[in-house]
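S.K.: Before anything else, here's the structure in question.
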Amino acid sequence: MNQIDSDKASNIGIDSIEDLQNLFRSGKYVADKDLAMAVFLSLKLQKPLLIEGDPGCGKTEIAKVLSEGLKTRLIRLQCYEGLDVNSTIYEWDYLRQLLSIRMEEKSKSADQLERTIFSERYLLRRPLLEAILDEGDKPPILLIDEIDRADEEFEGFLLELLAEFQVTIPEIGTFRAKKRPIIMITSNRTRELGDGLRRRCLYLYMSYPDLNKELEIVKLKVPGIENKLARQIVETVEKIRAIDDIARKPGTSETLDWATALVTLGEKELRPDLAKETLSCVLKSSDELLLVENERLASILPSSKEPNSVR
C-alpha cells in the first residue's frame, strides 16, 4: 500500500469539508454534504474518485470548478471507443527519430542510436503521462471523462496509474509522479466498469437533484431570473424526467439552458406557447419533442393561475 504524503495532501489548502463547500460555492456549484465528503476524502487520502451518474447532472463540472478553485492545472482525457496507449499515455515522435538516425548513424553505434532515439527527448506526452510529469507547484487535476465510452481494454491501461501513480514505457522505464495528480473519473453507466478499476477508487454516485436543490442551482447560475419562472422551469423539467417514454432524460445542464434562454428573451413566466417554442432547449429528439408537445405539455406545465409559492 502506498504511503500517504500528508504534506502534499495539505498543500492544496483544503483543511475541512466546509472549506471545500465554500470553494464550490465560489465557483457557483451547489455541493451537498455527500459530494463534498467524497471529494474531500479523495483529496486527503490521495485516491482517485470514480463519479457515476446520469448524464448532465454535473459530474464533469466538479473537476472544472475544483481546478479553478485550487488554481491548479486541469488535464482532461475525453474517452471514446478505440482509445489506446498512443492517445492516452505516450507516442514516439517518429519524424524526429528518423531525422536523428540519418544525422548520427555514421558517428554512433546501433546501441548508442537506440539509446538516443528512445529517450524522453523524443517522447510525445499524452494526458496520462502529462499528469504524471507535471511540474507545477500544486498537483494537477486529471479528469478521465466518460470512461464508459472507452473499450474495456482501456481500463487495463489505467490500473498501474490508479494504484501506483506511475506509468511504464517499455523502451525507457517507469515514470512515477513527484506530486500525485488529483484523479477524477466520470461514467454515465452505459456499460459496467471492471472491479479492478473500482477497487482502486473512492466512489460517488450522482443523480438528478431534487426540486429544491435544482431551484437553488438555477438561481445561482442564471442571475436575474424571476423566482416564479425558475420554479416553473424546474417543476416542468422534473415532470418531463418522470415520463417513461423519454429515454434521454434532461439533465441540470438542459434546465440551465432553458432558464438562460428564457431570461435572454426577457420572459418572467413560462406560458404554454413559450414552452412549446423553446422546448428544444430541454429535449434533443424529434420524437420526444412531438410526444411532449402533442400529448403532455399542457398537463405538465405549472398553472399560471397558481399563486407564486417562492419566497
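S.K.: Roughly how many Å is it from the Cα centre of the stretch 80-140 to that of the stretch 214-237, as a whole number?
M.R.: What the calculation gives is 50 Å, centre to centre.
S.K.: Please grab the % of Cα pairs in the stretch 211-300 that end up more than 22 Å from each other. Can you show the working numbers first?
M.R.: On the way: 724 of 4005 pairs.
Of all Cα-Cα pairs in the stretch 211-300, 18 percent lie more than 22 Å apart.
S.K.: Still on this structure, I have one more. Provide, in order from the shortest bin, the percent of all Cα-Cα pairs of the stretch 251-297 in each 10 Å bin, continuing until the bin that contains the maximum pair distance.
M.R.: 27, 56, 18
S.K.: Between K47, K249, K268, where does the largest GNM mean-square fluctuation fall for the chain, given springs only between Cα atoms within less than 10 Å?
M.R.: K268
S.K.: Which of the three applies to the stretch 189-248, rounded, prolate or oblate, going by the alpha-carbon gyration tensor with a ≥ b ≥ c and a/c under 1.5 meaning rounded? Don't skip to the end; give the middle numbers.
M.R.: Working: a/c = 4.15, a/b = 1.88, b/c = 2.21.
Because a/c hits 1.5 or more and a/b fails to exceed b/c, the stretch 189-248 counts as oblate.
S.K.: Grab the other residues whose beta carbon is less than 14 angstrom from that of A131, score K and R as +1, D and E as -1, and report the net.
M.R.: +3
S.K.: To continue, here is another question. I'd like the per residue volume of the convex hull spanned by the Cα atoms of the chain, given in cubic angstrom. Walk me through the intermediate numbers first.
M.R.: Working: hull volume 52.5 nm³, N = 311.
In the chain, the Cα hull volume divided by residue count equals 169 Å³.
S.K.: Looking at the chain, what % of its DSSP beta bridges pair antiparallel, to the nearest 5? If you can, show how the numbers build up before the last one.
M.R.: On the way: 7 of 25 bridges.
In the chain, approximately 30 percent of DSSP beta bridges are antiparallel ones.
S.K.: Past 27 Å, Cα to Cα, is the threshold; run K44/K219; K33/K138; K59/K138; K64/K276; K179/K221; K71/K179 against it and keep the listed order.
M.R.: Details: K44/K219 31 Å; K33/K138 25 Å; K59/K138 22 Å; K64/K276 33 Å; K179/K221 33 Å; K71/K179 15 Å.
K44/K219; K64/K276; K179/K221, as the Cα separations exceed 27 Å there.
S.K.: Residue separation times 0.36 nm, minus the C-alpha to C-alpha distance between I243 and W92: what's the value? Walk me through the intermediate numbers first.
M.R.: On the way: separation 151, 0.36 × 151 = 54.36 nm, distance 5.08 nm.
In short, 49.3 nm is gained.
S.K.: Assuming R0 = 51 Å, can you tell me the calculated FRET efficiency for the pair R121 and N22, based on Cβ-Cβ distance, to the nearest 0.05? Don't skip to the answer; put the middle values down first.
M.R.: Working: r = 44 Å, r/R0 = 0.86.
Calculated transfer efficiency: 0.70.
Quick note: the coordinates plus some simple rules give every number you see, no bench work behind them. Computed from a prediction, not measured in an experiment: that's the story for all the values here. Heads up, the Cβs are rebuilt from the backbone with ideal geometry, glycines too, and the neighbour counts pull from every protein chain shown.
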